[in-house]
Amino acid sequence: MTMIEAGRRLALAAAVLVALTGVLHAATYKLREPPLSGADQAAFDAVARENPEYLRSALRLGASPDARDDRQATLLMDAAWRGCASCAEVLLEAGAQADDIDPQGFTALMWAASNGRAEVVDLLLDAGATVDLKNKRGLTALMHAAWNGHARTVLSLLEAGADPTLTDPHGRTPLELSYDSGDTETINLLIAVTMQ
């Protein structure tokens with residue numbers, strides 16, 4: 001064996017060792033996360049399939065209405081993000097907490113507002129979700145809805161008492177954020193509210 005061949009083999013062995021160390025570290029990290037129970041996993045699957053009957057069954061089998069996935073999002077946040085109003089309704093009836101937050105400070109209301117899920121926004125507001133909470137980026141549900149141009153959602157939030165004068169960390173109001181969306185209905189709605 002030449003010195004070059006020996007060097008190549010040594011480099012290959014080192015690369016394999018580094019790769020295995022990375023895999024072992026990732027596996028160790030994964031093991032530290034508490035796994036979802038079978039019922040909780042079934043509940044997340046039901047929300048992903050937007051199947052409220054399957055969700056009810058998972059809850060009857062012991063799933064927690066406030067179960068969290070590996071991203072620390074709750075079932076209600078997942079339903080809100082997807083716009084599954086029937087799943088959100090089942091979870092709220094089962095006692096899911098409307099104001100739980102994820103690691104970024106988002107609530108289910110913020111996820112629904114950001115994606116223009118007006119029906120879910122209405123359900124969450126009726127369930128007592130706090131309308132003007134700010135996430136870690138300093139944004140409220142109204143700011144998210146305005147920024148993304150969801151006029152119907154903006155209207156629901158305003159009717160529930162959302163404050164259109166609150167600002168983000170850059171001093172922008174929901175009206176100013178709505179300009180980024182280019183949605184004239186949202187912009188005009190916020191102009192009318194702020195001119196009162």
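Taking each residue as 0.36 nm, the span from THR194 to ASP45 lengthens on full extension beyond its C-alpha to C-alpha distance by 49.4 nm.
Each part reduced to its alpha carbon centroid, the range 166-196 and the range 133-156 end up 10 Å apart.
Other residues whose C-beta falls under 14 angstrom from the C-beta of SER86 contribute a net charge of -3, scoring Lys and Arg +1 and Asp and Glu -1. Note on LEU166 and GLN104: the extension gain reaches 20.4 nm, defined as 0.36 nm multiplied by sequence separation minus the Cα-Cα distance. Once the chain from THR184 to ARG71 is taken as fully extended at 0.36 nm per residue, the excess over their C-alpha distance is 37.2 nm.
Any read-out appearing in this document is the output of simple, stated calculations on the displayed coordinates, not a laboratory observation. All of these numbers come straight from a predicted model, not from anything done at the bench. With ideal geometry, Cβ positions are generated from the backbone for all residues, glycine too; neighbour counts draw on all protein chains shown.
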